[in-house]
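Below is one structure, written out as structure tokens, with a few remarks after it.
The values are calculated or read from the model by the stated rules, or taken from the named source; none is laboratory data. Since the structure is predicted, the reported quantities are computational estimates derived from the model, not experimental observations. No Cβ is skipped: glycine too gets one built from the backbone with ideal geometry, and neighbour counts run over all protein chains shown.
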Amino acid sequence: MSDSLHEPWLRGIAFNPAAPSDVLIRLVDPASGETGLWMCEGRDLPDAVIDAALHHPAKKIRRALARNRHVDPARLAPLATDPSGLVRGWLAAGPRHFPRRVRPLPDDVIVTLLTARDGGEDGMLTENEISAELDSSRQIPRSFHHSMAASEHPELRIRATRRWQSLTPAQREALLDDPDPEVRQAAQDGSWELDPERVEAQLPSIGSLSKPHTLGTCVLSPALVEQCFTDGTVQPLTWNRHTPADAVARLARHPEAKVRAMVAARPDVGPDLVAELRDDPDAYVRMRARLHPFPRTWAEYGEIRRVLGHGPDCTCPIPEPATDPSPDWFAACAVSEEPVLRRVAASRPGLPAELVATLAQDEDEEVRIRLACHHPLAPPHLLLDVFVTRPAHRPHLLTLPDFPRTGLTHLVDHPDPEVRALAAADPILPVPPVEDPDESVCRAAAANPSLTPEALEALLADPRTAEGAAANPSLPVPRMHALLDRCLSEAAT
């Protein structure tokens, strides 16, 4: 067999679901090249392999493990105190390729990363750069954010002051009276968001990228609100819960339809304005106004805003579910005549099974797509249907535990090679299509566990099927070792 097959053999064995620990540990050998890195980052790993990677002398192996989204995050805890700042930084950054749903890190790991006094022995990153990576990684759960204000660590209480508006009045008062002077100062600095005079004074120094956030979240003075109307920068006011009632009324009668639409579903819009907006000449404004009975709270309004205007191919991150709104509110959305509200309900992972069954047959495609991507009880046939019809969602769907892997024979001749590749891996397929014109389909067919070890020998010798055959769980373990012996010994030489 040709030496040119070494790389596909290594890649295949690295991702072979039947490869035992002793086989996989051999792949963290430097002679395996990039394969060990791909394996440590890209698949679930047995405990023995995780331990080997955690204590590996090469920081690039530990760094690859730090970004593994398949391994229980608790197993990665030692990396939070790794000698290398780059390893810590990759752990803080989380899995790459932006998976839609990210598992949170354990609280003790988050505390370690956020309270570190240095960025590691290699001096490649500072502790502040590492914490910034963690902030943007979506690995900090809401529960941790809520607990920071009462943390024993002053550093975390200071961080709590940066989320001033999410704190309760009692938490704000406690931070303003904190025994630590640095925490008190941070609380005083953070309280500007609710002081209209300080907001007005600070706005000129805020960068242009941050101004919409400030105008959309802070308490604004009458002069600043008027300035927004004069400058034509009123859009952030439409979602600012602090916008005064007279300004909300002006926004509801704004000449631009997109502004009227943004304000139409606010929970604080009065009945007279709602009646006007329901008769608006613009259809989208009228639709938003029809939603008005539902957002009775700002949390409910936020759920609607999160869904509006995204489209069927939206691959936005899937956030951790909040405790508010109530389950009853989502249930009411699920039976609404408005498709937007049913999409909101379909995005809620805690929706009851009977409503899931109903929404799985909804006439609105976006409802069905959102249900497939968000709800753990979405039926397998719906997951498969969305996979076939909406390629944008395929990477996420393939990570779901209930995604169907069998019963796919009817797709083996599908015009889309990505769909054929899925069907080619079906273990009950009578004859895996190892001669398909598309190489990815051949590779998937060669990995089909229905193939015998004898059949795999010919496939191992073919460049189109070598990687798939090496990844086949029917490949005997002694044969895996024999292939590694050849690849690694010759690479070392």
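Structure data summary
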item	result
Residue list for region 365-390, restricted to those being more than 14 Å from Ala345 (Cβ to Cβ), in contact with a helix residue (DSSP H, G or I) (Cβ under 7 Å, 6 or more places away or on another chain) and in a loop (DSSP other than H, G, I, E, B)	Arg390
Residue in region 322-335 that is buried (at least 20 other Cβ atoms within 10 Å of the Cβ), part of a helix (DSSP H, G or I) and touching a Pro at 6+ places or on another chain (Cβ under 7 Å) present	no
Residue, surrounded by the most Cβ atoms within 10 Å (Cβ to Cβ), within region 345-397, restricted to residues that are under 18 Å from Arg103 (Cα atoms) and out of contact with any His (no Cβ under 9 Å at 6 or more places or on another chain)	His375
Some residue of region 104-118 being under 21 Å from His374 (Cα atoms), surrounded by 15 or more Cβ atoms within 10 Å (Cβ to Cβ), modelled with pLDDT of 95 or more and not polar (S, T, N, Q)	yes
Matching residues, region 124-137, being in a loop (DSSP other than H, G, I, E, B), among the polar types (S, T, N, Q) and touching a helix residue (DSSP H, G or I) at 6+ places or on another chain (Cβ under 6 Å)	Ser137
So Glu467, is it touching a helix residue (DSSP H, G or I) at 6+ places or on another chain (Cβ under 6 Å), within 25 Å of Asp426 (Cβ to Cβ), assigned to a helix (DSSP H, G or I) and of a type in the set (D, E, K, R)	yes
Test set (1) surrounded by fewer than 18 Cβ atoms within 10 Å (Cβ to Cβ); (2) at pLDDT 95 or above; (3) more than 25 Å from Thr161 (Cα to Cα); (4) not hydroxyl-bearing (Ser, Thr, Tyr) - Ala132 fails condition number	(3)
Only one of Ser489, Ser450, Ser474, Ser440 that is outside any helix (DSSP H, G or I), among the small types (Gly, Ala, Ser) and either within 23 Å of Leu27 (Cβ to Cβ) or touching a His at 6+ places or on another chain (Cβ under 6 Å) (or both)	Ser474
Residues within region 29-41 that are modelled with pLDDT under 95 and either among the β-branched types (Val, Ile, Thr) or under 20 Å from Leu460 (Cβ atoms) (or both), tallied	3
Members of region 212-227 found to be within 22 Å of Arg163 (Cβ to Cβ), in contact with a helix residue (DSSP H, G or I) (Cβ under 7 Å, 6 or more places away or on another chain) and either free of Cβ contacts under 8 Å to residues at least 24 places away in the same chain or not β-branched (Val, Ile, Thr) (or both), listed by number	Pro212, Thr214, Leu215, Gly216, Cys218, Leu220
Unique match (being in a loop (DSSP other than H, G, I, E, B), within 27 Å of Phe98 (Cβ to Cβ) and hydrophobic (A, V, I, L, M, F, W, C)) among Leu422, Leu400	Leu400
Where Thr230 falls short, out of the listed (1) surrounded by 15 or more Cβ atoms within 10 Å (Cβ to Cβ); (2) over 25 Å from Ala160 (Cα atoms)	(1)
Residues satisfying the stated conditions in region 254-278, i.e. in a loop (DSSP other than H, G, I, E, B), under 19 Å from Cys228 (Cα atoms) and not charged (D, E, K, R)	His254, Pro255
Members of region 296-312 found to be part of a loop (DSSP other than H, G, I, E, B) and either of a type outside the set (D, E, K, R) or in contact with a Lys or Arg (Cβ under 9 Å, 6 or more places away or on another chain) (or both), listed by number	Thr297, Leu308, Gly309, His310, Gly311, Pro312
Which listed residue, of Thr238, Thr217, Thr297, is hydroxyl-bearing (Ser, Thr, Tyr), within 28 Å of Phe330 (Cα to Cα) and in contact with a Pro (Cβ under 7 Å, 6 or more places away or on another chain)	Thr297
Cβ pairs under 8 Å, 6+ apart, first in region 245-258 and without any contact (Cβ under 8 Å) to a residue 60 or more places away in the chain, second of a type in the set (S, T, N, Q)	Leu251/Thr238; Leu251/Thr243; Lys258/Gln235
Looking only at region 38-88, and only at residues there that are more than 13 Å from Ile25 (Cα to Cα), outside any helix (DSSP H, G or I) and of a type outside the set (D, E, K, R), the one that is farthest from the chain's Cα centre (by Cα)	Pro57
Criterion violated by Ala74 - all others in (1) in contact with a helix residue (DSSP H, G or I) (Cβ under 9 Å, 6 or more places away or on another chain); (2) buried (at least 19 other Cβ atoms within 10 Å of the Cβ) satisfied	(2)
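Yes or no, residue by residue, for (1) over 24 Å from Tyr284 (Cβ atoms); (2) over 18 Å from the mean Cα position of the chain (by Cα):
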position: Thr323; (1), (2): yes, yes
position: Pro327; (1), (2): yes, yes
position: Ala332; (1), (2): no, yes
position: Leu341; (1), (2): no, yes
position: Pro349; (1), (2): yes, no
position: Pro379; (1), (2): yes, yes
position: Leu397; (1), (2): yes, no
position: Asp416; (1), (2): yes, yes
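Per-residue answers, yes or no, for (1) assigned to a helix (DSSP H, G or I); (2) farther than 30 Å from Ala66 by Cβ; (3) among the acidic types (Asp, Glu):
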| position | (1), (2), (3) |
| --- | --- |
| Gln139 | no, no, no |
| Ala149 | yes, no, no |
| Glu152 | no, no, yes |
| Arg159 | yes, no, no |
| Arg172 | yes, yes, no |
| Gln185 | yes, yes, no |
| Gln188 | yes, yes, no |
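Residue by residue, here is whether (1) of a type in the set (Val, Ile, Thr); (2) in contact with a His (Cβ under 9 Å, 6 or more places away or on another chain); (3) buried (at least 22 other Cβ atoms within 10 Å of the Cβ) holds:
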position	(1), (2), (3)
Ala19	no, no, yes
Glu34	no, no, no
Asp44	no, yes, no
Ala48	no, no, no
Lys60	no, no, no
